[in-house]
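Chemist: Dumping the structure here so I can ask a few things about it.
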Amino acid sequence: MPATLPKDPTLDEVRAYLAPRLAAQAAFDGWNEKAVAAAAEQDGVDADLARLAFNDGAVDMIDAWFQSVDVAMEAKLPPATLDKMKIRERITALVAARLEVTAADREGLRRALAILAAPPNLRKAAKLGWRAADRMWRLAGDTATDYNHYTKRTLLSAVYASTLSVFLDDESEDFADTRAFLDRRIENVMQFEKAKAKLTSGGGERFSMARFVGRLRYRNS
């Protein structure tokens with residue numbers, strides 16, 4: 001995200017500059033023009049430019065904020081740091097980093113997820129979840145292009161979504177409950193390779209992706 005705006009910024013530059021600031025305003029004003037105006041006023045951005053930069057409604061604003069979360073997550077975990085970790089540690093660290101980025105804006109996040117849960121927005125919500133999972137897997141070094149490409153992202157999308165539901169209401173110190181929940185869900189994902197063997201072996205009970213993803217939602221499973 002840019003630290004400052006150039007003298008004559010483009011709309012894309014205004015979006016990138018204001019996006020990280022939107023959730024804090026949305027916590028009070030909702031994901032609407034009031035939040036955009038408040039963020040622009042706080043940072044000395046021309047109000048008309050800000051309005052033009054976010055003229056496609058709440059979902060567009062949320063999309064821009066989530067993109068800024070991606071950028072901040074990547075800044076927290078540069079390649080030199082991730083390279084020292086095992087794959088499980090990388091994925092856990094990346095999810096945790098996303099949560100840390102949004103920790104100060106949980107009310108804005110709560111409102112964003114409520115908007116995305118509305119029936120007209122479910123397809124967009126799925127795309128945003130997939131994009132987050134894809135970004136994390138790519139940062140973790142995944143280069144799969146076959147069946148594994150899709151299963152990894154499907155599972156991580158489910159892990160991230162279920163962890164967010166715990167995170168939003170977590171009042172434990174340093175979000176310890178969320179971290180414990182995340183560790184259990186990552187353990188489930190690591191078990192996937194064993195479960196996948198049933199799918200390809202042709203013997204025993206057939207593996208169900210839907211049933212496996214469903215289990216990721218529960219706190220104690």
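The values are calculated or read from the model by the stated rules, or taken from the named source; none is laboratory data. Keep in mind it's a predicted model, so treat the numbers as computed, not measured. Note that each Cβ is placed from the backbone with ideal geometry, even for glycine, and that neighbours are counted across all protein chains shown.
Chemist: Just name the residue that is farthest from the chain's Cα centre (by Cα) out of those in the stretch 16-32 that are closer than 14 Å to residue 107 by Cα and in a loop (DSSP other than H, G, I, E, B).
Modeler: Checked the stretch 16-32; the qualifying residue farthest from the chain's Cα centre (by Cα) is 30.
Chemist: Based on this model, can you work out whether residue 91 counts as closer than 25 Å to residue 29 by Cβ and under 17 Å from the mean Cα position of the chain (by Cα)?
Modeler: So residue 91 does not fit the description; no.
Chemist: Additional query: Among the numbered criteria (1) farther than 24 Å from residue 23 by Cα; (2) at pLDDT 95 or above; (3) among the charged types (D, E, K, R); (4) surrounded by fewer than 20 Cβ atoms within 10 Å (Cβ to Cβ), which one does residue 131 miss?
Modeler: Failed condition: (1).
Chemist: Another question, then. Name every residue in the stretch 33-45 that is surrounded by 13 or more Cβ atoms within 10 Å (Cβ to Cβ) and either in a loop (DSSP other than H, G, I, E, B) or in contact (Cβ under 8 Å) with a residue 40 or more places away in the chain (or both), in order of residue number.
Modeler: Selection gives 43, 45.
Here is a yes/no grid of residues against (1) modelled with pLDDT of 95 or more; (2) closer than 18 Å to residue 103 by Cα:
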residue	(1), (2)
3	no, no
26	yes, yes
34	yes, no
43	no, no
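Chemist: Taking only pairs six or more apart or across chains, which ones have beta-carbon atoms under 7 Å, a first residue in the stretch 133-155 that is free of Cβ contacts under 8 Å to residues at least 40 places away in the same chain, and a second residue that is of a type in the set (Ser, Thr, Tyr)?
Modeler: Between residues of the stretch 133-155 that are free of Cβ contacts under 8 Å to residues at least 40 places away in the same chain and residues that are of a type in the set (Ser, Thr, Tyr), the close pairs are 133/157; 133/160.
Chemist: Let me ask something else about it. Report whether or not residue 81 is farther than 25 Å from residue 5 by Cα and of a type in the set (S, T, N, Q).
Modeler: yes
Chemist: Also, quick follow-up: Pairs under 7 Å by beta carbon, first residue among the β-branched types (Val, Ile, Thr) in the stretch 53-72, partner surrounded by fewer than 16 Cβ atoms within 10 Å (Cβ to Cβ) and not in a helix (DSSP H, G or I), six or more apart or different chains?
Modeler: If the second residue must be surrounded by fewer than 16 Cβ atoms within 10 Å (Cβ to Cβ) and not in a helix (DSSP H, G or I), the pairs left are 71/1.
Chemist: For residue 111, all conditions in the list (1) of a type in the set (Lys, Arg); (2) surrounded by fewer than 18 Cβ atoms within 10 Å (Cβ to Cβ); (3) closer than 28 Å to residue 35 by Cα hold save one; what is the number of the exception?
Modeler: (2)
Chemist: Identify all residues within the stretch 158-169 that are crowded, with 19+ Cβ neighbours inside 10 Å and not hydrophobic (A, V, I, L, M, F, W, C); write none if there are none.
Modeler: Passing the criteria: 160, 162, 163.
Chemist: May I pose another question? Report whether or not residue 153 is part of a helix (DSSP H, G or I), among the basic types (Lys, Arg), within 14 Å of the chain's Cα centre (by Cα) and over 20 Å from residue 65 (Cβ atoms).
Modeler: The answer is yes for residue 153.
Here's the yes/no breakdown for (1) touching a helix residue (DSSP H, G or I) at 6+ places or on another chain (Cβ under 7 Å); (2) among the aromatic types (Phe, Trp, Tyr); (3) at pLDDT 95 or above; (4) not in a helix (DSSP H, G or I):
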position: 55; (1), (2), (3), (4): no, no, no, yes
position: 61; (1), (2), (3), (4): yes, no, yes, no
position: 120; (1), (2), (3), (4): no, no, yes, no
position: 123; (1), (2), (3), (4): no, no, yes, no
